[in-house]
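Step one of this worksheet: look at the structure below.
The values are calculated or read from the model by the stated rules, or taken from the named source; none is laboratory data. Keep in mind the model is a prediction, meaning the values are calculated, not measured. A quick note on method: Cβ atoms are made from the backbone with ideal geometry, for glycine too, and the neighbour counts reach across all protein chains shown.
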Amino acid sequence: MNHRKIVFVRFSLFIMGLAVIGLAAATQKGEGTKASWKIVGQLEEACRCNAACPCWFDSKPTHMNCGGGQILFIEKGTYGTVPLDGLAVGQMGQSPDGKGMMESYGNWDFNYFYIDEKASPEQRDALKAIASTVLAGGASPKVEYRVTSITRTIEGKEHKISLGQYGSFHGHLIDGGLGGSVTITNPPGADPLHKEYHQGRTTLMTYTDAGQNWKFENSNYMFGTFELNSEQYEKYAAGLAQKMQMKK
């Protein structure tokens, strides 16, 4: 098997593992059936790589590693009968030195989840389950959950996101050469959340959890909208499993 085929197989295994592990984590406690959920909202994402982040193209990170996170701001949503309107959930992680997020999936230095402090105990459990499905559940053996304030303000083109005491990032979209925003559609690492997003740059990104002390400027920033549900992720995982079976 040549190098190109090896890379493709590893990348496919990463994607399939992400979907399968995430769906397993979304299973309701004490029940044999998966929870039915749906969320609509906006994605805010940033990392230390130069724009556009090479991890989504299965390339090496710009610097020694890639560290960053994703925040879901849910406008409307339900998990079973639990309402999730107006809540947020986020994730921060880092790849090992010399490796991108995708090739090192399962061995990240850490993968921490941040749960909106406005959520009730029942809503917090729902957000944890959804995050484990959508935000790289199973990416690292080092996982912790935090309950904190998650806020966002938009001032003109500048989006300012805060994870309470743990960090923040400010980002803005960049203009395309023919006008409008730069839009990336169906990158190699695409999942239902990242099938399309707008590309930007951070103004500043800080993070002081998981033993880190980040301060990045002019790095990768991404903004997108989403309409996600549990059935969509089940189909996504089934399709990936079928593709992998065909390649054996």
Open item on the list: Residues to consider are K99, K142; find the one that is charged (D, E, K, R) and either surrounded by fewer than 18 Cβ atoms within 10 Å (Cβ to Cβ) or without any contact (Cβ under 8 Å) to a residue 24 or more places away in the chain (or both).
Closed with: K142
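So which of C53, C66 ends up being buried (at least 18 other Cβ atoms within 10 Å of the Cβ), without any contact (Cβ under 8 Å) to a residue 40 or more places away in the chain and under 17 Å from N218 (Cα atoms)? Before you say what the answer is, go through the steps one by one.
On the way: C53 fails: without any contact (Cβ under 8 Å) to a residue 40 or more places away in the chain.
The unique qualifying residue is C66.
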TODO: Would you confirm whether any residue within region 23-31 is buried (at least 17 other Cβ atoms within 10 Å of the Cβ), modelled with pLDDT of 50 or more and more than 17 Å from G98 (Cβ to Cβ)?
DONE: no
Task: Hits in region 212-224 - residues which are under 19 Å from P96 (Cα atoms), assigned to a loop (DSSP other than H, G, I, E, B) and in contact (Cβ under 8 Å) with a residue 12 or more places away in the chain - done: Q212, S219
Open item on the list: Give me the strands (runs of 3 or more DSSP E) completely within region 84-160, filtered to those with at least 2 residues that are touching a helix residue (DSSP H, G or I) at 6+ places or on another chain (Cβ under 7 Å), ordered by residue number.
Closed with: 88-94, 110-116, 143-148
Open item on the list: Exactly one of these conditions fails for T62: (1) of a type in the set (S, T, Y); (2) out of contact with any Gly (no Cβ under 9 Å at 6 or more places or on another chain); (3) under 26 Å from N229 (Cα atoms). Give me its number.
Closed with: (3)
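Could you tell me whether region 152-160 includes any residue that is acidic (D, E), farther than 22 Å from C55 by Cα and surrounded by 12 or more Cβ atoms within 10 Å (Cβ to Cβ)? Spell out the reasoning first.
Here is the first cut: in region 152-160, the residues acidic (D, E) are 155, 158.
Those left that are additionally farther than 22 Å from C55 by Cα: 155, 158.
Applying the additional criterion that residues be surrounded by 12 or more Cβ atoms within 10 Å (Cβ to Cβ) yields 158.
Taking every residue of region 152-160 in turn, at least one turns out to be acidic (D, E), farther than 22 Å from C55 by Cα and surrounded by 12 or more Cβ atoms within 10 Å (Cβ to Cβ).
When only residues in region 207-223 that are in contact with a helix residue (DSSP H, G or I) (Cβ under 7 Å, 6 or more places away or on another chain) and of a type outside the set (F, W, Y) count, which is surrounded by the fewest Cβ atoms within 10 Å (Cβ to Cβ)? Break it down stepwise before answering.
First, pick out the residues of region 207-223 that are in contact with a helix residue (DSSP H, G or I) (Cβ under 7 Å, 6 or more places away or on another chain): 207-209.
With of a type outside the set (F, W, Y) added as a condition, the list becomes 208-209.
Working: T208: 13, D209: 19.
If we take residues in region 207-223 being in contact with a helix residue (DSSP H, G or I) (Cβ under 7 Å, 6 or more places away or on another chain) and of a type outside the set (F, W, Y), then T208 is surrounded by the fewest Cβ atoms within 10 Å (Cβ to Cβ).
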Task: Positions within region 162-175 being of a type in the set (F, W, Y) and assigned to a strand (DSSP E or B), in sequence order - done: F169
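Take region 176-186 and flag every residue that is surrounded by fewer than 17 Cβ atoms within 10 Å (Cβ to Cβ) and either assigned to a loop (DSSP other than H, G, I, E, B) or modelled with pLDDT of 95 or more (or both).
Taking region 176-186 as the starting set, the residues that turn out to be surrounded by fewer than 17 Cβ atoms within 10 Å (Cβ to Cβ) are 176-183, 185-186.
If the condition is that a residue be surrounded by fewer than 17 Cβ atoms within 10 Å (Cβ to Cβ) and either assigned to a loop (DSSP other than H, G, I, E, B) or modelled with pLDDT of 95 or more (or both), then G176, G177, L178, G179, G180, V182, T183, T185, N186 are the ones that fit.
What do you reckon, is G167 at pLDDT 95 or above and on the phi > 0 side of the Ramachandran plot? Before you say what the answer is, go through the steps one by one.
Values: at pLDDT 95 or above: yes; on the phi > 0 side of the Ramachandran plot: yes.
Yes: the conditions hold for G167.
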Open item on the list: I'm told E158 meets every condition in (1) at negative phi; (2) touching a residue at least 60 places away in the same chain (Cβ under 8 Å) except one. Can you identify the failing condition by its number?
Closed with: (2)
Open item on the list: I need the full set of residues from region 120-157 which are among the hydrophobic types (A, V, I, L, M, F, W, C), over 17 Å from the mean Cα position of the chain (by Cα) and more than 26 Å from G211 (Cα to Cα), in order please.
Closed with: I154
